[in-house]
Amino acid sequence: MNEANISFSSLMIASLLVFVSLLFSYFQKLKLEKEILVSVLRAVVQLIAVGYVLQYIFGLENPLFTTLFVLLMTFNASHNAAKRGKGIRNGLLISFVSIGAGTGATLAVLVASGAIRYVPNQIIPVGGMIISNAMVALGLCYRQITADFQSRRDEIETKLSLGADILPSSIEIIRDSIRTGMVPTIDSAKTLGIVSLPGMMTGLILAGTSPVQAVRYQIMVTFMLLSTTAVSSFLACYLCYRGFFNDRKQLL
Amino acid sequence: MTPQIAFHKVFYRSGEKAILKDLSLEIFPGDYISVVGPSGSGKSTFLKLCCHLISPTEGSILINGADVMKLDPAELRKKIGYCFQTPVLFGRTVEDNLSYPYRIRNRKMDGGRVNKLFSLFQMDPDYLKHEIVNLSGGEKQRIALIRSLLFQPEVLLLDEATSALDPENTLIVERVIRTLNQDGVTVLWITHNPEQSRKYAGRLLAIENGEIKSMEALK
């Protein structure tokens with residue numbers, strides 16, 4: 001089987017592709033040249049750095065380091081998700097708990113089932129995929145829930161005035177927000193193989209794994225992304241809705 | 001007699017702006033009070049304070065002698081009917097709305113009570129299955145009223161409840177409210193209609209610039 005092996009010189013030639021986008025930007029007066037260069041430089045520097053860090057951690061084979069690295073990724077993702085939810089009280093903590101629980105539950109099932117082992121070169125990349133997916137889902141949940149608590153204020157106050165507690169008066173908004181967080185993952189699962197060959201599968205095939213074996217991994221990835229977005233979106237929405245009310249059950 | 005609702009030097013501020021200033025008044029069981037005043041004078045805020053949808057920034061509100069801040073807000077609101085100026089119906093059908101007060105009490109919808117209220121408001125019981133997107137403004141207002149009367153409240157707060165109704169339906173609503181009041185329900189009704197404000201009410205509360213301008217006995 002031909003494994004893809006990228007040499008430094010082929011990477012340099014591939015970097016010409018950046019010029020394609022630069023030329024487009026220049027001739028179309030998109031004024032994106034600076035941003036393209038900065039983003040490419042950032043991507044290269046960040047990836048090289050993470051490559052060395054991962055090589056070091058993979059070499060350590062230390063479960064504690066692996067766990068710490070996953071926690072660090074969770075924290076970064078939580079920080080990013082919380083930024084999408086301005087106006088959400090304790091956004092960082094809620095995001096950390098939600099992403100952490102979703103990731104923890106999914107990784108536990110994967111390890112317990114023997115699909116992956118608790119070693120850095122398996123836990124960290126798989127964890128990364130899960131965490132980033134949960135982060136995107138939470139960002140969508142937060143956007144939806146804050147927008148709904150603004151636009152559906154009268155509806156909530158009407159329900160409160162009828163004597164409803166805060167949960168029954170916000171349950172529709174909570175459900176809509178969880179749905180918003182989960183839909184992209186469900187949609188992408190629907191089109192797997194038809195519209196896209198996902199990154200992980202492509203990577204495995206390029207690295208020489210047989211497509212059938214790569215597909216098995218991809219199926220596992222699909223399951224784990226679905227479960228993580230479900231757990232994380234559910235937890236985040238149920239944890240954050242209270243923040244829109246005070247202790248007198250009044251909408252803030 | 002202990003007032004049902006008593007305001008003692010109540011202020012309500014939103015940010016720097018004082019919306020209600022130094023409100024003191026007593027409302028007794030069975031009162032029928034019309035609340036009048038120009039737009040933006042603080043009438044709706046006054047009703048929201050009565051329903052504890054907001055808390056006073058300063059001063060105290062007593063409900064049957066108990067400090068409102070010490071009562072369970074959801075239980076308190078179950079005893080108070082509140083009709084908003086713009087009625088908000090939720091869900092898909094009228095039934096979704098009329099079953100809601102039962103659902104939050106973990107009870108099954110009482111078809112007899114629903115039908116009785118439909119007939120009081122001279123509406124057909126078929127309305128239950130109607131989709132709310134197909135209702136007119138007046139129909140929505142009457143459904144919202146029925147929704148807040150399914151469990152007879154001790155106090156009924158109406159914020160321009162007839163502004164979307166034609167004269168015929170306005171009369172129907174006025175009669176229902178008067179009957180409820182005769183049964184002992186306390187009524188606080190914000191209205192811009194001078195004739196309506198004096199028709200059935202026992203007292204007329206005028207609010208201007210967030211302050212009580214006058215409280216006039218009508219009967």
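The values are calculated or read from the model by the stated rules, or taken from the named source; none is laboratory data. For clarity, every value in this text was computed on a predicted model and none was experimentally measured. So basically every Cβ, Gly included, is an ideal-geometry build from the backbone, and we count neighbours across all protein chains shown. Just the protein is used for accessible areas: all its heavy atoms, side chains included, with ligands, DNA and RNA removed. Shrake-Rupley method; radii C 1.70, N 1.55, O 1.52, S 1.80 Å.
Got the relative contact order for the stretch A:137-252 handy, in percent, Cα pairs under 8 Å and 6 or more residues apart? If you can, show how the numbers build up before the last one.
Working: 88 pairs, mean separation 47.1, N = 116.
Value for the stretch A:137-252: 41 percent.
For an R0 of 51 angstrom, estimate the FRET efficiency from the Cβ-Cβ distance between B:Tyr102 and B:Lys9 and round to the nearest 0.05.
Working: r = 39 Å, r/R0 = 0.76.
According to the calculation, E is roughly 0.85.
Could you compute the net charge surrounding B:Phe84? Neighbours are other residues with a C-beta less than 15 Å from the C-beta of B:Phe84; K and R count +1, D and E count -1.
Once all neighbours under 15 Å are counted, the net charge is +4.
Please figure out what share of the DSSP beta bridges in the protein assembly as shown is antiparallel and state it in percent, rounded to the nearest 5. Before the final figure, lay out each step's value.
Details: 22 of 40 bridges.
For the protein assembly as shown, the DSSP antiparallel bridge percentage is about 55.
Need the C-alpha centroid separation for the stretch B:31-67 versus the stretch B:102-131, integer Å.
29
If each DSSP helix of 4+ residues adds -39,500 (n - 2.57) and the sum is divided by the residues in the protein assembly as shown, what number results at 222 nm, nearest 500 deg cm²/dmol?
Value at 222 nm, helices only, nearest 500: -18000 deg cm²/dmol.
With all protein chains present, how much of the accessible area of the stretch B:1-129 (probe radius 1.4 Å) comes from carbon and sulfur, to the nearest whole percent?
Numbers: 2910 of 6010 Å².
Answer for the stretch B:1-129 is 48 percent, counting heavy atoms of protein chains only.
Work out, step by step, the length gained on full extension between A:Val183 and A:Ser21: first 0.36 nm times the residue separation, then minus their alpha carbon distance; give nm to one decimal.
Roughly 55.2 nm would be gained on extension.
Can you give me the distance in nm between label points at B:Asp110 and A:Ser113, each placed 7 Å from the Cα along the Cα-to-Cβ direction?
So the two model labels end up 5.1 nm from each other.
Mind ordering B:181-188, A:130-137, B:75-82 by average Cβ neighbours within 10 Å, highest first? Present the calculation step by step, with values, prior to reporting the outcome.
Numbers: B:181-188: 17.5, A:130-137: 25.0, B:75-82: 20.6.
Top of the packing list down: A:130-137, B:75-82, B:181-188.
For the stretch A:1-68 and the stretch A:114-178, write down the distance between their C-alpha centroids in whole Å.
When both Cα centres are located, 32 Å separates them.
Among B:Leu158, A:Ile48, B:Ala217, which residue has its Cα furthest toward the positive end of the charge dipole of the protein assembly as shown, with +1 on Lys/Arg Cβ and -1 on Asp/Glu Cβ?
A:Ile48
In whole Å, what three semi-axes, largest first, describe the equivalent ellipsoid of the protein assembly as shown built from its Cα gyration tensor (square root of 5 times each eigenvalue)? Could you put the intermediate results ahead of the total?
Details: eigenvalues 722, 112, 95 Å².
Largest first, the protein assembly as shown gives 60, 24, 22 Å.
Other chains' Cβ within 10 Å of A:173-183 residues: what's the mean?
Numbers: counts 0, 0, 0, 0, 0, 0, 0, 0, 0, 0, 0.
The mean count of partner-chain Cβ atoms within 10 Å per residue comes to 0.
Computed FRET efficiency, Cβ-Cβ of B:Asn209 and B:Lys70, R0 35 Å: what is it to the nearest 0.05?
Numbers: r = 31 Å, r/R0 = 0.88.
According to the calculation, E is roughly 0.70.
Which net charge results when you count Lys and Arg as +1 and Asp and Glu as -1 among the other residues whose beta-carbon is under 12 Å from that of A:Tyr142? Walk me through the numbers on the way to the answer.
Details: positive: A:Lys83, A:Arg84, A:Lys86, A:Arg89, A:Arg143; negative: A:Asp148.
Counting the neighbours of A:Tyr142, the net charge comes to +4.
At 27 angstrom or more along the helix axis (alpha-carbon based) and mean Kyte-Doolittle of 0.5 or higher, what helices does chain A contain? Whole DSSP H runs only. Before the final figure, lay out the partial values.
On the way: long enough: A:33-60 (40 Å, 1.34); A:63-84 (32 Å, 0.55); A:91-112 (31 Å, 1.92); A:120-151 (46 Å, 0.61); A:166-190 (35 Å, 0.28); A:211-240 (42 Å, 1.20).
Span-like helices in chain A: A:33-60, A:63-84, A:91-112, A:120-151, A:211-240.
What is the angle, in °, between the Cα long axis of helix B:111-120 and the longest principal axis of the Cα atoms in chain B? Nearest 10 is fine, range 0 to 90.
70
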